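The values are calculated or read from the model by the stated rules, or taken from the named source; none is laboratory data. For clarity, every value in this text was computed on a predicted model and none was experimentally measured. Here the Cβ positions follow ideal geometry from the backbone for every residue, glycine too, while neighbour counts run over all protein chains shown. To get the accessible areas, we keep the full protein, side chains included, count just its heavy atoms, and leave off ligands, DNA and RNA. Shrake-Rupley method; radii C 1.70, N 1.55, O 1.52, S 1.80 Å.
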Amino acid sequence: MRHLETLLDHPDGCVIKPANGSQNGSIQVLLGPMRGRWRRSNGQRALLEDLKFHVNNILSGMYSRCPDNADVAMFEYRVKFDDVFDPISFGGVPDIRIIVLRGIPFIAMVRLPTAESDGKANLHKGGVGVGLDLVTGRTKFGMQKGKTTDIHPDTANPLGNVSVPHWDEMLLMAAKAYDVTGLGYLGADIVLDKGKGPMLLELNARPGLAIQVANRMGLRAVMEAALVANTDGLDAEGRVALGKKLYREIVAEVVPA
């Protein structure tokens, strides 16, 4: 806490989050200094005392999931997101989730911030999930709070037919996450930085199933195909190609043209 001002001294801002916590307002995104204050991603200003209070809450274990409530505050690089999503996003950083089974990427979506979600790409806070074509990386359908939608609630722009840059690189990152973790089922969350390109945000051992609503298709058919597919001798690149093949063969039958 004595060095908090130094930790916050980044002209492009930073992100403050608990190491062992999740959700419930535990993450503070600061866009940069603003006349002795800091500007949050939602446009509001934060005093040093506000940030001290938040960091103290983290250290006290307010957001911790550990039995002894111990926690650590992390100060991270703030992603300067690519403007490709500007027409269908509202503040914050959109992220791409790719779900992987046996090392095979098989379904994906992009999660978009809204005014209601306070600039965070969290679906449970009112963010928008948009299904992605696994082969092309283009957006398809949208959902918010479990209901389908074809436009972003804040920009009113259509959600479909936006091409995600570096798509094959993202699929490869997700496939390699299986080799690193050994998790048979995982969700890879990737953000797109304007200067650095795709950056791995986190890996989830239990990714949620709202991705089905965003893609307007169930997971059963493509999951069953991935479970029995022969992956012997396939590296990450091979598993990406296999995932695309399964998607072409099965999703075309599941989702009407």
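Restrict the check to region 92-101 and report whether at least one residue is touching a strand residue (DSSP E or B) at 6+ places or on another chain (Cβ under 8 Å) and assigned to a helix (DSSP H, G or I).
No, region 92-101 has no match at all.
For a quick check of your reading: which helices (runs of 4 or more DSSP H) sit entirely within region 178-257 and have at least 2 residues that are among the charged types (D, E, K, R), within 26 Å of GLY146 (Cβ to Cβ) and modelled with pLDDT of 90 or more?
Hits in region 178-257: 220-228.
Find the residue count for region 109-130, including only residues that are open to solvent by less than 40 Å² (accessible area, probe 1.4 Å) and more than 13 Å from the chain's Cα centre (by Cα).
Within region 109-130, residues that are open to solvent by less than 40 Å² (accessible area, probe 1.4 Å) and more than 13 Å from the chain's Cα centre (by Cα) number 3.
List the number of the failed condition for PHE85; all other conditions in (1) surrounded by 15 or more Cβ atoms within 10 Å (Cβ to Cβ); (2) more than 30 Å from ASP235 (Cβ to Cβ); (3) of a type outside the set (Gly, Ala, Ser); (4) in contact with a helix residue (DSSP H, G or I) (Cβ under 9 Å, 6 or more places away or on another chain) hold.
(4)
May I ask you to list the residues in region 55-82 that are of a type in the set (Asp, Glu) and open to solvent by 80 Å² or more (accessible area, probe 1.4 Å)?
Answer for region 55-82, where residues must be of a type in the set (Asp, Glu) and open to solvent by 80 Å² or more (accessible area, probe 1.4 Å): just ASP68.
Out of the residues in region 131-145 that are under 19 Å from LEU209 (Cα atoms) and assigned to a loop (DSSP other than H, G, I, E, B), state the one that is least open to solvent (accessible area, probe 1.4 Å).
Here the answer is LEU134.
If I ask for residues that are over 13 Å from PHE81 (Cα atoms) and out of contact with any strand residue (DSSP E or B) (no Cβ under 9 Å at 6 or more places or on another chain), which ones from region 177-200 would you list?
Hits for region 177-200 are ASP179, GLY182.
Would you mention how many residues in region 37-54 are more than 23 Å from SER117 (Cβ to Cβ) and in contact (Cβ under 8 Å) with a residue 12 or more places away in the chain?
So the answer is 2.
Assuming VAL100 fulfils every condition listed in (1) at pLDDT 95 or above; (2) on the phi > 0 side of the Ramachandran plot apart from one, which condition is it?
It fails just one condition, (2).
Specify the residue that is nearest to LEU242 (Cα to Cα); the eligible residues are those in region 146-179 that are open to solvent by 60 Å² or more (accessible area, probe 1.4 Å) and in contact with a Leu (Cβ under 8 Å, 6 or more places away or on another chain).
Checked region 146-179; the qualifying residue nearest to LEU242 (Cα to Cα) is TYR178.
Can you go through ARG102, ARG111 and tell me which one is in contact (Cβ under 8 Å) with a residue 12 or more places away in the chain, charged (D, E, K, R) and touching an Asp or Glu at 6+ places or on another chain (Cβ under 7 Å)?
None of the other options fit; the residue is ARG111.
Can you name every residue in region 34-54 that is surrounded by 13 or more Cβ atoms within 10 Å (Cβ to Cβ) and either in a helix (DSSP H, G or I) or of a type in the set (Asp, Glu) (or both)?
Answer for region 34-54, where residues must be surrounded by 13 or more Cβ atoms within 10 Å (Cβ to Cβ) and either in a helix (DSSP H, G or I) or of a type in the set (Asp, Glu) (or both): LEU48, ASP50, LEU51, LYS52, HIS54.
If a residue must be outside any loop (DSSP other than H, G, I, E, B) and open to solvent by less than 70 Å² (accessible area, probe 1.4 Å), how many such residues does region 14-33 contain?
Of the residues in that region, 11 qualify.
Take the conditions assigned to a loop (DSSP other than H, G, I, E, B), among the β-branched types (Val, Ile, Thr), closer than 18 Å to GLY119 by Cα and touching a residue at least 24 places away in the same chain (Cβ under 8 Å) and apply them to VAL79. Does it pass?
yes
Evaluate the following for MET74: is it aliphatic (A, V, I, L, M) and free of Cβ contacts under 8 Å to residues at least 12 places away in the same chain?
The answer is no for MET74.
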